[in-house]
Structure formats: C-alpha cells, structure tokens
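**Q** Handing you a structure now.
The values are calculated or read from the model by the stated rules, or taken from the named source; none is laboratory data. Computed from a prediction, not measured in an experiment: that's the story for all the values here. Because the Cβ atoms are built from the backbone with ideal geometry, glycine has one as well, and the counts that use them run over all protein chains shown. Please note that ligands, DNA and RNA were not included when accessible areas were found on the heavy atoms of the full protein model with its side chains. Shrake-Rupley method; radii C 1.70, N 1.55, O 1.52, S 1.80 Å.
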Amino acid sequence: TTFIDALEKAHNLLKLENTTRIDIKSSIKFFSIAARKIGFDKYEIQDVKRKHLIQMFEVLPTLKKSWSAWSYNNSRSYLMMIYRRLLLMEAVESNPVKDIPKQQVTIKRKHVLTFEQRVKINEYLFNRDHDYWRFINIFFHSGCRRTELCRLKVGGVDLSSQEFTILVIKGKQPVEHLKAIKNIAMKFWEDQLEGAKGEDYAFSSTFKPGRYKLQPKNITKKWKLYVKDELKIDIDFYALKHLNLDETSSQLNAEAAAKMAGHTSTVITMKHYLINEEQRELEKLKKLNNKFA
C-alpha cells in the first residue's frame, strides 16, 4: 500500500469525534501534497522512514497560509494517531513519528471578556437571537466542551435533580460524566427543554431541541457574526469556558473547577483555564504575616 493510501485507510478505521476526523482528513491532504512535491507519494508505507516524514514537515509551511509551532504539533499528533493504527495493523514495524520532536509553543496569556463586554453581549444576543442567547448561557454555566453539549439528548437531563449526563469521548474509551446544573442556570434549562421529546437532541441546528444534533462549527460561526463582526469584540467563544472555570475556582477552589470541567486532576485546569489563579495566589502571599523575630 502506498504512503497516502495507507494514511487514508488507517484514518477511516480510527474511532474519532467528527471534528477531529475532519481535521485529520485535512492534515492528510496536506501530507499528500507534500509527499507528491518531493516524490514520496508512491513509496510503500513500510519504506517511509523518519527522514522522509521530516522532509514532508519541512514542506508543509509552504502549503499553508498560516503555519506555526502549534500547527506543526497538531499535524504531528494526527500523524502519530494514524501510525499507531498502522502499527496495530502490522502495516509498519515501528512508529517513526514518536522520534520526531515537538516544537516549542509560546503559551500566551488568555484574554477573556470584561464585565462590561459580558453585559453588552448578553443584552445584544437576547434581542438578536434568543435561542442562541439561551445556549450561550447554558454553555457558560455547564463547564462542558461544545461537542459534549451537542451530543446531549433531552433524556440525559434530569431537571428534578439538577443534573445531566454527557458522554466524553476523549482518551482510550468513552466515559459518561454526571454534570451539575447550577441554580442560576435552571431557568435556561427549563425554557430550553419545555415540550421537548426524550429522544431529541437538547440542541439542534436551530439551537432548540430537535431530531438532528447541533454541529459545533455553527456555534462559533454565530459567535463570529454576532460578537466579533457586529459587536466588534475580538474575544474567542471558548474564552467563556476559561471565564466560568476561573470564577468557579475563585468562589470555591481549583478542585471544584476541575470537576466542573471533567478533568481528572487540577493540572490541566490550572495550566490552561484558571487565568487569574496565579494572581490570586500572589495576593494571598502578600498578606502572609510570618515574622522573622
């Protein structure tokens, strides 16, 4: 099997989120172009070595308008996943990708909405697109990923106990997680599910319950239209999750924020989401009153 055919066959056998599948398919497309450009596209998969892959990685920046260390690491991760499957199928004897180092990525400080911006967005969406406004409020208070809410069925929500069950497809196997519905968010959930059928998705393409689930890309498309283009507020949609988890940590603790996010420990939560935690710790240290004498 040729290199490109092998990548596509392995990709089709992987169990993936739809968004991840699309991203990997796009990555394979660029690897295909790079392989053809340097004459490796007809190589059989077992003959493709680490040096060949490195040469392809060197070509990729010339094929994409925006290329960064983040793009490189993502492409490497996707190729690693494919090669793991090829190794399982005994199409290759080893995984050459694991010996290709990652590139260093500068972790930039996250920008989140100010209180004034939140009020402005809330009022605007309430009048501009009421169903989307309700979804934004539910998402903000849920601590979930977009894909998890998109998969949620009406039958998975128990308003009487203020809980809902999501399926997390991350890691080696899917896991169900029980999530809390905050008191402050109950009205949004009640309005959302009023008259809905148990077998329906809680959020469909119209952001109301329906037979077909909402696609995550539609969430960010509307955010770009309403918030970035119309309100001229240049903050990404996912900043809502950072904001909610950071405020949860501030009012409760990092462990509670990690639980809300579905993280198994506070490491990821602290590193990527609790944007003001370092400052809060500094303020606590400033108030320490431990005398030398």
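**Q** What are the residue pairs meeting all of these: first residue in the range 116-144, first residue under 16 Å from Ile184 (Cα atoms), second residue among the β-branched types (Val, Ile, Thr) and open to solvent by 20 Å² or more (accessible area, probe 1.4 Å), Cβ atoms under 7 Å, and 6 or more apart or on different chains?
**A** That search, which allows pairs on different chains as well, returns His141/Ile184.
**Q** Restricting to the range 1-44, and then to whatever is touching a residue at least 60 places away in the same chain (Cβ under 8 Å) and crowded, with 18+ Cβ neighbours inside 10 Å, can you tell me which residue is nearest to Pro216 (Cα to Cα)?
**A** Selected residue: His11.
**Q** Which of the following residues is modelled with pLDDT under 95 and open to solvent by 30 Å² or more (accessible area, probe 1.4 Å): Val157, Val168, Val175?
**A** When all the criteria are applied, what remains is Val175.
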